[in-house]
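What follows is a single structure, written as structure tokens, with notes after it.
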Amino acid sequence: MKVVILCGGLGTRLREETEFRPKPMVEVGGRPILWHILKHYSRHGFHEFILCLGYKGDLIREYFLDYKAMNGDVRIGIGAAKVEYLDGLADEREWTVTLAETGAETATGGRLKKVRRHLDEGTFLWTYGDGVSNVDLGKLLTFHRAKGKLATVTGVRPVSRFGEIEAKDGIAKSFQEKPQLHAGRVNGGFFAMEASALADVGEDEIFERGPMQRLTERGQLAVYEHDGYWASMDTYRDTLQLNSEWASGRPGWLASA
């Protein structure tokens with residue numbers, strides 16, 4: 001099954017990093033966050049990727065074209081101009097990566113529409129190139145098929161950026177630093193969708209607006225509720241937090257769902 005990852009946005013809220021590279025190439029633990037996302041899908045048995053390129057997409061192209069040379073041991077015969085790759089690279093040996101140009105300023109709906117020709121009929125998975133989670137992708141797919149809808153979105157409860165204090169009579173009774181919010185869910189990405197759902201998506205549409213609203217009105221959008229780990233790298237502060245988690249040796253996206 002094919003996995004589409006949106007990699008082309010401008011990432012304006014992370015200008016400290018995205019001035020020089022596309023957001024999916026911002027590093028967490030010395031690897032692009034895109035690598036962490038691909039590894040997550042690969043661990044669940046999904047190895048066919050379609051990357052929707054846009055802003056500074058050439059850097060993503062270079063990364064994958066040079067992937068084996070840059071991520072494993074290499075023996076080079078200088079005189080013979082021979083390159084020998086010495087590592088099998090574990091999960092990556094099963095990956096196929098389609099690099100699809102979708103435009104620097106194309107909306108999310110347009111990016112999906114532009115890669116329709118690379119998809120098979122039936123179900124595909126897709127997500128954003130800046131979010132990590134420990135969502136069980138196998139269970140997401142099973143849920144999607146059981147609901148029989150055109151699309152399923154993973155609904156998550158984001159973590160508050162602030163500590164939460166419970167007080168009584170002016171005295172603190174409890175304090176929790178950055179708790180998970182309990183009021184409602186937000187779009188956490190990690191979609192399962194039928195290719196036919198792209199039929200009426202316009203190339204100038206933001207998928208999260210018109211198309212998702214139309215699917216909702218038709219009763220064709222299911223919600224897979226995920227209460228585990230989820231994080232989006234929207235700001236430089238988020239980048240620091242994700243790198244801190246990785247350095248701790250206990251990143252939440254590698255925890256059991």
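The values are calculated or read from the model by the stated rules, or taken from the named source; none is laboratory data. Only a predicted model underlies this, so the values are computations on that prediction, with no experimental measurement involved. In this analysis, Cβ positions are derived from the backbone assuming ideal geometry, glycine residues included, and neighbour counts consider all displayed protein chains.
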Lone qualifier among Thr108, Thr96 - being farther than 29 Å from Ala247 by Cβ and touching a residue at least 60 places away in the same chain (Cβ under 8 Å): Thr108
Selection over the stretch 141-162 where residues are at pLDDT 95 or above, among the charged types (D, E, K, R) and buried (at least 18 other Cβ atoms within 10 Å of the Cβ) yields a count of 1
Matching residues in the stretch 196-227 - criterion: being exposed (fewer than 14 other Cβ atoms within 10 Å of the Cβ) and basic (Lys, Arg): Arg209, Arg218
Checking the structure you have, find out if any residue of the stretch 62-76 is at pLDDT 95 or above and aliphatic (A, V, I, L, M). no
From (1) exposed (fewer than 11 other Cβ atoms within 10 Å of the Cβ); (2) part of a strand (DSSP E or B); (3) modelled with pLDDT of 90 or more, pick out the condition that doesn't hold for Lys173. (3)
